[in-house]
Amino acid sequence: MNNSLLIVILASAIFYGTPLLFAALGGVFTERSGVLNLGVEGMMLIGGVSAAWASQHVGGSAWFTVFASILIAMFAGGLTALLHAFLCVTLKANQTVAGLSITIFAGALGLSSYFANVWEVASSPVPRPIRKLDVLGLGDTPVLGPLLFNHTILTYVSWVLVAVSSFYLFRTKTGLQLRAVGESPQTADAMGISVVKYRYFHTILGGMLAGIGGAFYSLAIVSTWVDGLTKGAGWIAIALVIFGFWRPDLTLVGAYLFGALQSLGTTLKARSFHISGDLLDALPFIMTIIVLVLVSSRFAHKRLGAPAALGVPYEREER
Amino acid sequence: MKSPVRLERRLEQPKWLNWAIPLISLLAALAVGAIVLLLTGKNPLDVYHRIFERGFLSTRALTGTLRTATPFAFTGLCAAAAFRLGVINIGGEGQLYMGAIGASYAGLVMGDSYPVGIVIIAMVFAGMIFGGMYAGFVGLLRAQFNTNEIITSLMMNYIAGIILNYLIFNSLSYWRDPRSAGFPSGKPLEKRAFWPSYEIAGVGISFGLILATFVAVAVWVLYKRSRFGFEIGIIADSPRAARYIGIRTKTTIVLVTALSGALAGIGGASQVGDFTHNLDAKGLQLNNFGYTGIVVAALARLNPLGAIVVAILLGGLTNAGYSLQGPDFPSGLVGTLQGLILFTAVAGEILMKYRVKRNTAAKKAMVAS
């Protein structure tokens, strides 16, 4: 039963969707504050390499090492995002190119690869990977076991995070103010909300979550460091923010859909289906384009809930 | 007002800033790079000295530098041509692959029977058409459905990479050398399809780089001296205004995106014709030509002629990276420096818009009032 193709695909959709979910949730926060972050891929890779390094160098119990690795990945991702915030908020730079500069600087052929070389991270597999848990011993329950009770700790954290972020965005005062900053920074500023602080904070928060997403690759999916191991997941996460209409709950659906697409190749090959591996590899990218076209053509962007001031640097009126 | 400096909006932008800002950006990138090097226990002066030596200081180094600069020039022109319209085409990488596929096809088909000149022209055009159509699709989606071209063009890069792998590694396509069973590789071109190269004072210059220079002049003329270029400027400044005065915005977006892809496509053709002489699926994907093109365009401030100069500069950096690679000079360093250059180039734009002033004047004014 639990070995049936559908169950396996659904379970691996959740597994592969988890890093996408973290990175995309980060994107939701960042974009809600009006900052476009195209540096997600770079932030994920920096998070991934830092987590792999930490896993090799932090001692203590297995749980402690995993916990520390994730924290360090968050810190590294946040630090990278700080650079982005500095460019976008303080220097009011072109946010598109700023994000690209972060991805090139930190990305597959950049700093993440440099650190991996200097710290010799790639030489051995990660000693303390994140393993799947058997929650309450229910992991073998038919159908529900693989879907609900047999995931990594980060997957459960991500579920809580989705609930918390929804609550934060739509039910708290700070969330309301955050949305105000993204919709109309002029108004927010006039209300006495610090646009700069909100944008810095949520950009860094987005980077920290992207860092966790990267850590999931190096600690759980690949379990060792390979240059550029996210293979474009950061970009798919950016698209997911749009598919999810800037809402955490819908982002979760999108993340698992793309998780399924990403894992399809591995799953089907393991069952010796005769399908072109190349086509399966290309599927997530082709689907991203198709869904993006559907989303952008059907409705006006505004009705989807795109923050009105997304990508626009805020400048106070000058005297 | 505690900050020691303040920004004052520039009312006009003096011309000298056009070269001063890229220069400052470059120096700032090297300075930040030095911090990264120091933190990881390397001597920055030593590293930079070796980069300069291996990139520029001998005829052999210069030959390699110009070779590396050739694709960068094309992808730089590709990014600059699209960015000028406000279309962020970051698909130069994939469009270059497609250009290489098209050009190698033309070269393979025509290489043994047509005169040399015709073969080369056919390869250039095949590269342009393949790259242009691949990008034109992105432009069409943007113009017709307002689809975010940044993400679509990037996704197309990954797809193009997969197409390359399919053609050479995972199928028995026309491009694959049937004799290469163990290590699949592209079918070699006939000698006739090799592009010429020239030597000036011992430095080898590829036909592709010379072509890139001519193309850059043509793009410059198109943007600065033609009605089409004028319309592009208006669309970039205000799409709404452009529509009101009757410019066909959608058509222009598709045309410019296709043009931009065609430029990257020539870059792919040049890789095949100038250097590899087959469809080198692996080699094409190793170098991040497309991303570097974005850095080139940004540092050249989207000026096509500047793009050639910057491409040679970055070619030097990258080429030095290739020849120095080893434990003392880990891979990833070149990409890091390139990213930093883009970073500081973006940051440098603030100097274009604002003038940095010390804050003393403001204080006095406040006391006086």
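The values are calculated or read from the model by the stated rules, or taken from the named source; none is laboratory data. Please read these numbers as outputs of a predicted model, since none were measured by experiment. FYI the Cβ positions are ideal-geometry reconstructions off the backbone, even for glycines, and counts take in every protein chain you see. Protein only, heavy atoms only, side chains kept; ligands, DNA and RNA dropped before computing areas. Shrake-Rupley method; radii C 1.70, N 1.55, O 1.52, S 1.80 Å.
A few notes on this one:
- Take B:175-183, B:88-96 and order them by the average number of nearby Cβ atoms within 10 Å per residue, most first; the result is B:88-96, B:175-183.
- In the protein assembly as shown, the DSSP-assigned H stretches of four residues or longer account for a calculated mean residue ellipticity at 222 nm of -22500 deg cm²/dmol, using -39500 (n - 2.57) per stretch and the full residue count as denominator.
- D by Stokes-Einstein for the protein assembly as shown, Kirkwood Rh over Cα pairs, 4 °C, 1.567 mPa s: 50 µm²/s.
- For the segment A:113-125, counting C-beta atoms of other chains within 10 Å of every residue's C-beta and taking the mean gives 4.
- Residue with peak Gaussian network fluctuation, chain A [Cα springs, cutoff 10 Å], from A:His151, A:His57, A:His274: A:His274
- Peptide B:351-358 has a mean of 1 when you count, residue by residue, the C-beta atoms of other protein chains within 10 Å of its C-beta.
- For B:Gln13 and B:Arg50, a Förster radius of 35 Å and the Cβ-Cβ distance give a FRET efficiency of 0.40, rounded to the nearest 0.05.
- Within region B:144-178, backbone nitrogen closer than 17 Å to the virtual label 7 Å beyond the Cα of A:Lys269 toward Cβ: B:159, B:161-171
- For peptides A:133-145, B:23-35, sequence by mean Cβ density within 10 Å, most packed first: B:23-35, A:133-145
- For A:Thr152, distant residues with modelled amide H under 5 Å away: A:Leu133
- Chain A: most fluctuating residue of A:Tyr217, A:Tyr256, A:Tyr168 per GNM, C-alpha cutoff 10 Å: A:Tyr168
- FRET efficiency, A:Leu136 to A:Thr224 (Cβ-Cβ, R0 30 Å, nearest 0.05): 0.45
- Per the accessible-area calculation with a 1.4 Å probe, the total area buried between chain B and chain A rounds to 3900 Å².
- Accessible area per residue for region B:73-301 is 41 Å², calculated with a 1.4 Å probe on protein heavy atoms, without ligands, DNA or RNA.
- GNM top mover of B:Asn43, B:Asn319, B:Asn359 - chain B, alpha-carbon springs below 10 Å: B:Asn359
- Working value for chain B: equivalent-ellipsoid semi-axes of 38, 28, 18 Å, each the square root of 5 times a Cα gyration tensor eigenvalue, largest first.
- Simple spin-label estimate for B:Thr59 and A:Met287 gives 5.7 nm between the two label positions (7 Å along the Cα-to-Cβ direction from each Cα).
- A convex hull fitted to the Cα coordinates of region B:77-131 yields 65 cubic angstrom per residue.
- Whole-percent carbon and sulfur share, accessible surface of the protein assembly as shown, 1.4 Å: 65 percent
- Buried on assembly, region A:221-256 (at least 30 Å² less accessible surface than by itself, 1.4 Å probe): A:Trp235
- Over 32 Å between alpha carbons, listed pairs B:Lys42/B:Lys187; A:Lys269/B:Lys187; B:Lys250/B:Lys357; A:Lys197/B:Lys353: B:Lys42/B:Lys187; B:Lys250/B:Lys357
- Whole-angstrom gap from region B:30-75 to region B:138-178, using each part's C-alpha centre: 31 Å
- Equivalent ellipsoid, region A:5-304 (semi-axes from 5 times Cα gyration tensor eigenvalues, Å): 30, 23, 19
- Separation between Cα centres of region A:232-293 and region A:59-82, rounded to whole Å: 27 Å
- With a Förster radius of 51 Å applied to the beta-carbon distance between B:Ile245 and B:Ser180, the computed FRET efficiency rounds to 0.35.
- Simple spin-label estimate for B:Ile118 and B:Ala218 gives 2.1 nm between the two label positions (7 Å along the Cα-to-Cβ direction from each Cα).
- Virtual paramagnetic centre 7 Å along Cα→Cβ of B:Thr40, amide N under 17 Å, in region B:335-351: B:335-343
- The spacing between region B:265-304 and region A:118-194, judged by their C-alpha centroids, is 39 Å.
- Computed packing ranks the peptides A:58-69, B:247-258 as B:247-258, A:58-69, most packed first, by mean other Cβ atoms within 10 Å.
- Between B:Lys191 and A:Ala190, the distance separating the two model label sites (each 7 Å from Cα on the Cα→Cβ line) works out to 7.7 nm.
- Calculated from backbone phi, Karplus (6.51, -1.76, 1.60) coupling profile of region B:251-256 in Hz, x at Gly/Pro: 4, 4, 4, 5, 4, 5
- Exercise: per-residue mean of other protein chain Cβ atoms within 10 Å, B:49-61: 0
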